[in-house]
Every structure is written in C-alpha cells, then in structure tokens.
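A quick write-up on the structure given underneath.
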Amino acid sequence: MSTPSAIPLYRRILRLHRFLPPDLRSLGDSYVSSEFRLHRKAEGSQLKGFLGQWEGYAVGLEEERDRRFRGERKGWGRDM
C-alpha cells in the first residue's frame, strides 16, 4: 500500500480518534493500525475499496465530531 493517499488517511483517522473517549480511542487506534498493516501490500481494486471504506469512516467521524461541538448531540453514537 505505497499509494500516497494511504498515509495521510491513516494519520487523519488517528487524529480524529483524539476526540473519542480514551477507551474507544485505544481500541480504534489498535484496529486501524492493524488493518493498515495487514493491507500494506494491497493493490488495484482491493486497495481502492479498502481506502474508500476508511475514507467513509473518517468522514463519519468528522461529522460526529462537528455535531458534538455544535451541541446537536451529547456523547458519541447515542442513536446507534
């Protein structure tokens, strides 16, 4: 996974995890690290799908973070 978009996405997700409660952050950081490590050699459509799914996850975290700071909802993932 030497594509230039993978490393910035990985870092972006870890930065977004800073807004999570400590226990969720720890779990999330471990999972993201493991997944990106396992898919290091991914190519083509597999890589595209992998990065697309993680991009969607990052967008969801950003939306949740923004709603939280606007005061629209208290806590993380209450409606799940």
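The values are calculated or read from the model by the stated rules, or taken from the named source; none is laboratory data. Please read these numbers as outputs of a predicted model, since none were measured by experiment. Positions of Cβ are backbone-derived with ideal geometry, glycine not excepted, and every protein chain shown enters the neighbour counts. Accessible surface areas use protein heavy atoms only, side chains included; no ligands, DNA or RNA. Shrake-Rupley method; radii C 1.70, N 1.55, O 1.52, S 1.80 Å.
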Region 16-31 - residue that is at pLDDT below 95 and surrounded by 14 or more Cβ atoms within 10 Å (Cβ to Cβ) and, of those, farthest from Arg70 (Cα to Cα): Leu20
Conditions (1) more than 14 Å from the chain's Cα centre (by Cα); (2) loosely packed, with under 12 Cβ neighbours inside 10 Å; (3) in a helix (DSSP H, G or I); number of the one not met by Glu63: (1)
Matching entry among Ile7, Ile13 (being part of a helix (DSSP H, G or I) and open to solvent by less than 30 Å² (accessible area, probe 1.4 Å)): Ile13
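Does Glu72 satisfy the criteria of being of a type outside the set (A, V, I, L, M, F, W, C), exposed (fewer than 13 other Cβ atoms within 10 Å of the Cβ), under 14 Å from Ser5 (Cβ atoms) and at pLDDT below 95? Lay out the reasoning, then the answer.
On the way: of a type outside the set (A, V, I, L, M, F, W, C): yes; exposed (fewer than 13 other Cβ atoms within 10 Å of the Cβ): yes; under 14 Å from Ser5 (Cβ atoms): no; at pLDDT below 95: yes.
Criteria not met by Glu72.
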Region 32-51, residues that are surrounded by 11 or more Cβ atoms within 10 Å (Cβ to Cβ) and in a helix (DSSP H, G or I): Val32, Ser33, Glu35, Phe36, Leu38, Gln46, Leu47, Lys48, Gly49, Phe50, Leu51
